[in-house]
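Asker: What follows is a structure written as structure tokens; I'll ask about it next.
The values are calculated or read from the model by the stated rules, or taken from the named source; none is laboratory data. Predicted model, so just to flag it, every value in this text is computed and none were measured. Neighbour counts run over all protein chains shown; Cβ positions are idealised from the backbone, glycine included. Side chains included, ligands, DNA and RNA excluded: accessible areas come from the protein's heavy atoms. Shrake-Rupley method; radii C 1.70, N 1.55, O 1.52, S 1.80 Å.
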Amino acid sequence: MTELVDFDFPVGMLVCPICGNDIAAFHCAGCNSEFFSLGGIPCLFTTGIQQKNLWQHQMAMMENQGADALEHLDYILQGYDISPRTRNRLQQARAAMSESLEMIMGQLKGAGLVSRREPLFEQMRIDNPTEYYHHILRDWAWDAEPSKHYATHVNDANLQRVLNVWKSPLPGKMLFLGAGAGRLSWDLHKVLQPEFTIASDINPFLLTCADTLIKKRKPLTLPELYTYPQIGYPFSRSWVMQPPADKENLHKSWFALGADVWNMPLWEGSVDSVVTSWLLDVTGGDVKDLISVVGYLLKPGGYWVNTGPLLYSGQLSFDMKYSAEEILEFADMAGFDVEHQSVEEVAHMASPLNARYHHEQLFSFSARKRTEARPLPVPGNTSDWLTPSWLVMHHQPVPEMQFHCQMGHEFIARVLSLVDGRRSVYLIAQLVQPYLPEGVDAKRGCCRAVWPDIGTDGG
Ligand SMILES: C[S@@+](CC[C@H](N)C(=O)[O-])C[C@H]1O[C@@H](n2cnc3c(N)ncnc32)[C@H](O)[C@@H]1O
């Protein structure tokens with residue numbers, strides 16, 4: 001059994017994401033779960049070792065798709081009816097595609113994964129680990145060329161935007177949730193010099209690329225290819241990305257972590273600052289729940305700094321596409337004082353190789369977790385009681401009070417019997433879910449169960 005100390009990770013930070021036990025090895029003594037290392041990066045998911053199998057399956061799928069695409073190009077290149085110019089374009093594309101596949105596979109294999117299909121995942125919709133491929137280039141390659149959009153470079157602008165809202169940073173133990181290819185986590189780490197930085201993400205390719213450049217201090221080569229023609233731009237280019245300059249050996253206190261934001265393997269109140277950048281709108285979950293995750297991990301007095309757009313994915317239910325004002329209100333309800341905020345419109349993902357780019361509106365803010373919780377509202381005629389924060393923020397305890405089960409339904413009686421002043425709507429919902437028919441959302445039911453009673457009893 002390998003000890004976690006081999007991971008080179010801050011001691012005493014990790015906790016089993018399944019049972020909450022102290023973790024000192026890849027094996028959890030509390031629940032017998034197995035975890036693993038991705039080329040030295042600790043990976044602690046509730047799916048345990050299956051997460052590695054899933055990644056390996058993703059690799060195999062990607063390898064097959066890549067091989068099919070190359071085979072198709074080879075077939076076209078065998079044709080007699082293509083002009084020399086077309087042939088030249090296709091050959092360039094083939095070379096870039098082949099290099100890209102080779103580099104991605106090499107990177108993942110170098111981190112200890114093998115390309116292997118798993119019957120368990122054959123019927124599942126599988127994400128592609130290269131979804132954020134261009135973020136790696138944005139983070140580590142494109143700064144090599146002069147920027148048409150920024151005074152210096154996009155990464156400088158991203159760093160400055162965060163520092164502009166985080167006026168007196170005391171990063172302490174700093175955690176990045178969904179750190180991606182790692183550039184902002186590194187730039188902030190370098191400027192603020194926290195005790196340490198943990199850059200967590202769920203994507204194995206981004207994790208290994210960030211770790212290779214920042215921690216292992218090795219160069220990385222990745223090609224960039226566009227399949228549509230652009231006048232005055234090459235089709236492709238191979239970028240050689242160098243490890244960032246680090247005279248002070250600050251990489252020693254920067255750590256990658258494979259983890260899911262919804263089940264972070266870290267202790268409650270164990271970090272002094274949490275940074276979320278371009279994350280709120282892409283997790284597919286409820287921002288209110290993400291705020292609870294941040295609040296759970298932060299120490300009282302700690303800072304949450306957020307930056308990014310509110311471009312929620314199409315699949316997210318409309319009621320969860322919260323506005324900036326709603327998010328700030330949720331943060332307030334969750335025990336944060338918002339200190340500074342900014343709104344900016346910027347060029348996003350503007351590659352030197354691409355005439356097209358996104359124009360995005362970015363919402364940034366810093367918020368401090370209160371050291372003392374506000375007293376819970378007492379039932380009565382107060383305005384905040386009309387929509388109590390524990391009803392909106394499902395992770396807050398439901399205060400103990402005199403509920404009268406007026407409708408006399410068994411489900412309502414069960415929900416109300418579980419209110420003990422400590423349990424949240426979220427927890428009560430988990431406890432009653434097994435008693436509900438499949439497809440019925442217990443959380444909604446719980447809110448309805450307590451709300452009519454408040455309306456009549458407390459209002
Ligand atoms: C739009 S990218 C932003 C990356 C980086 N923060 C940046 O500013 O460039 C979103 C990142 O969130 C990560 N992510 C999405 N859902 C996640 C989850 N449930 N747990 C951990 N990371 C997640 C993705 O893998 C991706 O790296």
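Asker: In whole angstrom, how far apart do the alpha carbon centroids of region 243-271 and region 317-369 sit?
Answerer: Region 243-271 and region 317-369 have Cα centres spaced 23 Å from each other.
Asker: Please list the non-local residues whose amide H lies under 5 Å from the amide H of residue 26, H modeled 1.01 Å from N, same-chain partners needing a gap of 5 or more.
Answerer: 2, 4
Asker: Among the complete DSSP H segments of the chain, which ones combine at least 20 Å of alpha-carbon extent along their axis with a mean Kyte-Doolittle hydropathy of -1.0 or more?
Answerer: Values: long enough: 50-77 (40 Å, -0.74); 84-110 (38 Å, -0.76).
Those that pass (Cα extent of 20 Å or more, hydropathy at least -1.0) are 50-77, 84-110.
Asker: May I pose another question? Taking a 29 Å limit on the Cα-Cα distance, which of the listed pairs 148/369; 148/190; 190/299; 167/216 fall beyond it? Provide the component values of the computation, followed by the final result.
Answerer: On the way: 148/369 38 Å; 148/190 26 Å; 190/299 22 Å; 167/216 31 Å.
Table pairs above 29 Å Cα-Cα are 148/369; 167/216.
Asker: Report the label-to-label distance for residue 319 and residue 168 in nanometres (one decimal), using points 7 Å from each Cα along the Cα→Cβ vector.
Answerer: If labels sit at residue 319 and residue 168, their model points lie 4.1 nm apart.
Asker: Pairs of alpha-carbon atoms within less than 8 angstrom and 6+ residues apart define the contacts here; what relative contact order does the chain have, in percent? If you can, show how the numbers build up before the last one.
Answerer: Numbers: 789 pairs, mean separation 57.9, N = 459.
In percent, rounded to a whole number, it is 13.
Asker: Still on this structure, I have one more. Express the C-alpha Rg of region 83-184 as a ratio against the empirical globular expectation 2.2 N^0.38 Å, rounded to two decimals. Don't jump to the answer; show the numbers that get you there.
Answerer: Values: Rg = 19.5 Å, N = 102, 2.2 N^0.38 = 12.8 Å.
This ratio for region 83-184 stands at 1.53.
Asker: For the chain, what does the helix formula give at 222 nm: sum of -39500 (n - 2.57) over DSSP H segments with n ≥ 4, over the residue count, nearest 500 deg cm²/dmol?
Answerer: On the way: 13 runs with 149 residues, N = 459.
Dividing the helical sum by the residues of the chain leaves -10000 deg cm²/dmol.
Asker: Taking only protein heavy atoms and a 1.4 Å probe, what accessible area per residue, in Å², does region 50-121 have with all protein chains in place?
Answerer: Working: 4180 Å² over 72 residues.
Here the per-residue accessible area is 58 Å².
Asker: Sequence gap at least 6, Cα distance under 8 Å: using those rules, report the relative contact order of region 50-121 to the nearest whole percent. Please list the in-between numbers first.
Answerer: Numbers: 42 pairs, mean separation 45.8, N = 72.
Here the relative contact order equals 64 percent.
Asker: Around residue 170, under 13 Å between beta carbons, what's the net of Lys plus Arg minus Asp minus Glu among the other residues? All intermediate terms of the calculation are to be shown ahead of the outcome.
Answerer: Working: positive: 167, 173, 299, 368, 369; negative: 195, 272, 339.
Computed value for this residue: +2.
Asker: Would you kindly calculate the mean projected area, averaged across all directions, of the convex hull enclosing the Cα atoms of region 15-157, in square nanometres? Numbers along the way, then the final one.
Answerer: Working: hull surface 52.8 nm².
Quarter of the Cα hull surface area: 13.2 nm².
Asker: If you don't mind, there's one more thing I want to ask. In Å, what is the Rg of the alpha-carbon atoms in the chain, and how long is Dmax?
Answerer: In order Rg, Dmax, the Cα atoms of the chain give 24.6, 84 Å.
Asker: Which order do the peptides 81-94, 257-270, 26-39, 349-362 come out in when sorted by mean C-beta neighbours inside 10 angstrom, highest first? Can you show the working numbers first?
Answerer: On the way: 81-94: 12.6, 257-270: 19.6, 26-39: 17.9, 349-362: 15.1.
Listed from highest to lowest mean packing, they are 257-270, 26-39, 349-362, 81-94.
Asker: Report, by chain and number, residues whose modeled amide H sits under 5 Å from the one on residue 257, excluding near sequence neighbours (fewer than 5 apart, same chain).
Answerer: Hits under the 5 Å cutoff: 199, 200, 201.
Asker: Which aspartates and glutamates does residue 321 reach when only Cα atoms under 12 Å apart count, and residues fewer than 8 places away in its own chain are ignored?
Answerer: 281, 286
Asker: In whole percent, how big is the carbon plus sulfur part of the accessible area of region 133-369, probe 1.4 Å, protein atoms only? All intermediate terms of the calculation are to be shown ahead of the outcome.
Answerer: Working: 4920 of 9480 Å².
Reported share for carbon and sulfur atoms: 52 percent.
Asker: A follow-up question, please. Enter the accessible area per residue of region 222-266 (Å², integer; probe 1.4 Å; all protein chains in place). Numbers along the way, then the final one.
Answerer: On the way: 2200 Å² over 45 residues.
Averaged over the residues of region 222-266, the accessible area is 49 Å².
Asker: With θ taken as phi - 60° and the coefficients 6.51, -1.76 and 1.60, list the Karplus ³J(HN,Hα) couplings across region 232-245 in order, rounded to whole Hz; mark glycine and proline as x.
Answerer: Taking θ as phi minus 60°, the curve returns x, 10, x, 5, 8, 7, 9, 9, 9, 9, 9, x, x, 4 Hz for region 232-245.
Asker: How would you order 309-318, 245-254 from highest to lowest mean count of nearby Cβ atoms within 10 Å? Walk me through the numbers before you get to the answer.
Answerer: Values: 309-318: 11.9, 245-254: 13.4.
Final packing ranking: 245-254, 309-318.
Asker: Which net charge results for the neighbourhood of residue 337, defined as the other residues with beta-carbon distances under 14 angstrom from its beta-carbon, given Lys and Arg at +1 and Asp and Glu at -1? Numbers along the way, then the final one.
Answerer: On the way: positive: 167, 368, 369, 370, 374; negative: 329, 332, 339, 372.
Residues close to residue 337 contribute a combined charge of +1.
Asker: Moving to a separate point now. Straight-line reach from residue 252: which aspartates and glutamates fall under 18 Å, measuring Cα to Cα and dropping same-chain residues less than 8 apart?
Answerer: In chain and number order, the partners are 6, 8, 187, 195, 211.
Asker: Using amide H atoms built in the peptide plane, which far-off residues or other-chain residues are under 5 Å from residue 301 H to H?
Answerer: Here 369, 370, 371 satisfy the definition.
Asker: Provide the descending list of Cα extents for region 50-121 along its principal axes, expressed in whole angstroms.
Answerer: Taking max minus min along each principal axis of the Cα atoms, region 50-121 gives 49, 23, 11 Å.
Asker: Moving on. Percent antiparallel among DSSP beta bridges with both residues in the chain, to the nearest 5? Provide the component values of the computation, followed by the final result.
Answerer: Working: 30 of 51 bridges.
Antiparallel bridges make up about 60 percent of those DSSP assigns within the chain.
Asker: Based on the Cβ-Cβ distance of residue 341 and residue 144, what FRET efficiency does E = 1/(1 + (r/R0)^6) give at R0 = 41 Å, to the nearest 0.05?
Answerer: Details: r = 32 Å, r/R0 = 0.79.
The calculated FRET efficiency here is 0.80.
Asker: Quick check: net charge around residue 256, other residues with Cβ under 9 Å of its Cβ, Lys/Arg +1 and Asp/Glu -1?
Answerer: -1
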